[in-house]
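S.K.: Below is a structure I'd like to ask you about.
The values are calculated or read from the model by the stated rules, or taken from the named source; none is laboratory data. Since this is a predicted model, take the numbers as computed values, not measurements. Note that each Cβ is placed from the backbone with ideal geometry, even for glycine, and that neighbours are counted across all protein chains shown. Please note that ligands, DNA and RNA were not included when accessible areas were found on the heavy atoms of the full protein model with its side chains. Shrake-Rupley method; radii C 1.70, N 1.55, O 1.52, S 1.80 Å.
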Amino acid sequence: MKPESLMMSYGYKPALSEGAIKCPIFQTSTFVFNTAEEGKAFFEVAYGIREKGENEELGLIYSRLNNPDLEILENRLCLWDEAEDCAVFESGMSAISTALMEFLSPGDLLLYSRPVYGGTDHFINHFLKKMNIDSVGFRADEDFDTIIARIEATGKADRLRMIHIETPANPTNALIDIQMCVAIKNRYTTSETSVVLSVDNTYMGPLWQHPLKHGADLVLYSATKYIGGHSDVIAGACLGSKELMARIKGLRTFLGNMAGPWTGWLLMRSLETLKVRMEEQARNAVEVANFLRSHPKVSRVYYLGFIPEQGNENEKRIYAEQYTSSGAMIAFDVVGGEKEAFNFLNNLKLIKLAVSLGSTESLAEHPATMTHADVPQDVKEAMKISASLVRLSVGVEHYEDIISDISQALNNAS
Ligand SMILES: *Cc1c(COP(=O)(O)O)cnc(C)c1O
């Protein structure tokens, strides 16, 4: 069956919960063992003292290790990305930082795409740096040879252990080729060392891009965005092979940054409507992007849906290979500068002026002074994050209402 058919029931047995059709919130810190022998067996598996038996399931022990609201949610999230295992976290940042900490050690080198999410960038350039983990960044418009040259120039190419990318890049939807990153990974993988490729799939997942299929090792999400989808919960997820996820879950147990049962329950509720929400958002975005493109007060629109006609050969190829939709994120330059962009934002009525994305309501923000405020000016220019740029996350409202709100706000912008 397709994932959308399974989101209401997969992994949940009503008979274990008094017949309740929905998985209850297991608001409990610990679980009662039937016998001491059972408790011993659960711990042996949980702490890796022995391998799990053929039909043995890890029993419930303590909510930092496992809880039904997390386990059922994790099983359901696996379906979208066809992943072997999943771990959910109390935020997207905790999923990302846990993955980076698990696969990088002092002295190692990290390669990452720029721009990445501001919190990720800060973690890489402050916390990891403090741990003596160096990093080297690359932009979407840079090719394989340029990136290899940059890795070699660090003098630590033999210590490359992880590649972390975000595609499409926020806020201008620049595309990164996952297969090119797999080629870089393979070049530095030896019989003794492996390089882990992680993809932050928040912008297009879990519906419209499946990085594991293109050779990525880990998929990371801010589940605060499309997966949660209602701007009412902060959460994160990491997916990958059983082997890598055992390491991620191991560190999660000791950092204690797993999601709580209430977060798990909210996300399960959200997953039931994930596909209808995302598809409606993408349909609305087509209309909004076309409207923006034809508006005299808009000088440029960044939207994946325009790549097949406007992109270069490389962009067209990546777009065709990696994406099954043009998504619901649009960025555009208002004619003028910061003043005109602010006037536009201040005049919006239906669309809310807020950061975040992927939710049922449409949101607009100003990357240069908000989400990307601490990006250095020269980097902002290279990434086309101008003073007149506005980022839009298109929601599920009627597209005519979204467009009429944008229209009146643009007319009042100058
Ligand atoms: C929001 C976001 C994050 C951080 O997620 P939180 O849930 O806020 O911790 C990471 N990556 C991307 C692409 C995001 O949009």
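S.K.: Only one of 153, 149 is outside the structural domain of residue 381 (by TED's automatic domain parsing) and open to solvent by 80 Å² or more (accessible area, probe 1.4 Å); which? Let's see the steps before the verdict.
M.R.: On the way: 149 fails: open to solvent by 80 Å² or more (accessible area, probe 1.4 Å).
Of 153, 149, the one residue that is outside the structural domain of residue 381 (by TED's automatic domain parsing) and open to solvent by 80 Å² or more (accessible area, probe 1.4 Å) is 153.
S.K.: Which of (1) within 16 Å of the ligand (Cβ to nearest atom); (2) farther than 23 Å from residue 399 by Cβ; (3) not in a loop (DSSP other than H, G, I, E, B) is the odd one out, the single condition residue 371 does not satisfy?
M.R.: If we test residue 371 against (1) within 16 Å of the ligand (Cβ to nearest atom); (2) farther than 23 Å from residue 399 by Cβ; (3) not in a loop (DSSP other than H, G, I, E, B), just (3) comes out false.
S.K.: Tell me, which residue of segment 204-243 that is among the small types (Gly, Ala, Ser) and away from the ligand (no atom under 12 Å from the Cβ) is surrounded by the fewest Cβ atoms within 10 Å (Cβ to Cβ)? Talk me through it step by step, then tell me what you get.
M.R.: First, the residues of segment 204-243 that are among the small types (Gly, Ala, Ser): 205, 215-216, 222-223, 228-229, 231, 235-237, 240-241.
Those left that are additionally away from the ligand (no atom under 12 Å from the Cβ): 215-216, 229, 240-241.
Working: 215: 15, 216: 25, 229: 24, 240: 27, 241: 13.
Out of the qualifying residues, it is 241.
S.K.: Sticking with this one: Does any residue in segment 347-360 that is under 26 Å from residue 267 (Cβ atoms) and open to solvent by less than 70 Å² (accessible area, probe 1.4 Å) come within less than 6 Å, Cβ to Cβ, of a residue that is within 16 Å of the ligand (Cβ to nearest atom) and of a type in the set (A, V, I, L, M) six or more places away or on a different chain, and which pairs are these?
M.R.: Listed by first residue and then by second, the contacts come to 351/364; 354/363.
S.K.: Please note which helices (runs of 4 or more DSSP H) are completely contained in segment 101-192 and include at least 1 residues that are in contact with a His (Cβ under 9 Å, 6 or more places away or on another chain). Outline the logic, then answer.
M.R.: Details: elements: 118-122, 144-153, 178-188.
Because the criterion is at least 1 residues that are in contact with a His (Cβ under 9 Å, 6 or more places away or on another chain), the helices (runs of 4 or more DSSP H) in segment 101-192 that meet it are 118-122, 178-188.
S.K.: Identify, from the list 304, 267, the residue that is crowded, with 19+ Cβ neighbours inside 10 Å, in contact with a helix residue (DSSP H, G or I) (Cβ under 9 Å, 6 or more places away or on another chain) and not assigned by TED's automatic domain parsing to the domain that holds residue 167. Don't jump to the end; show me each part of the working.
M.R.: On the way: 267 fails: not assigned by TED's automatic domain parsing to the domain that holds residue 167.
Step by step, each of 304, 267 is checked, and only 304 is crowded, with 19+ Cβ neighbours inside 10 Å, in contact with a helix residue (DSSP H, G or I) (Cβ under 9 Å, 6 or more places away or on another chain) and not assigned by TED's automatic domain parsing to the domain that holds residue 167.
S.K.: Only one residue in 74, 57 is open to solvent by 20 Å² or more (accessible area, probe 1.4 Å) and either more than 16 Å from the ligand (Cβ to nearest atom) or touching a Leu at 6+ places or on another chain (Cβ under 9 Å) (or both). Which one?
M.R.: Every option except 57 fails the conditions.
Residue-wise test of (1) under 19 Å from residue 66 (Cβ atoms); (2) more than 21 Å from the chain's Cα centre (by Cα).
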residue	(1), (2)
185	no, no
192	no, yes
198	no, no
255	yes, no
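S.K.: Taking interchain pairs and intrachain pairs at least six residues apart, which have beta carbon atoms under 7 angstrom, with the first residue in segment 210-222 and of a type in the set (Asp, Glu) and the second within 16 Å of the ligand (Cβ to nearest atom)?
M.R.: So the pair list comes out as 217/198.
S.K.: In addition: Would you mind telling me which numbered condition in (1) within 20 Å of residue 279 (Cα to Cα); (2) touching a Leu at 6+ places or on another chain (Cβ under 8 Å) residue 334 fails?
M.R.: Condition not satisfied by residue 334: (1).
S.K.: Restricted to segment 378-414, and to residues that are assigned to a helix (DSSP H, G or I) and among the acidic types (Asp, Glu), which residue is least open to solvent (accessible area, probe 1.4 Å)? Give the steps one after another, and end with the answer.
M.R.: Residues of segment 378-414 that are assigned to a helix (DSSP H, G or I), as a first pass: 378-382, 399-411.
Keeping just the survivors that are among the acidic types (Asp, Glu) gives 378, 381, 400-401, 405.
Details: 378: 107, 381: 124, 400: 108, 401: 85, 405: 9 Å².
Top of the filtered list is 405.
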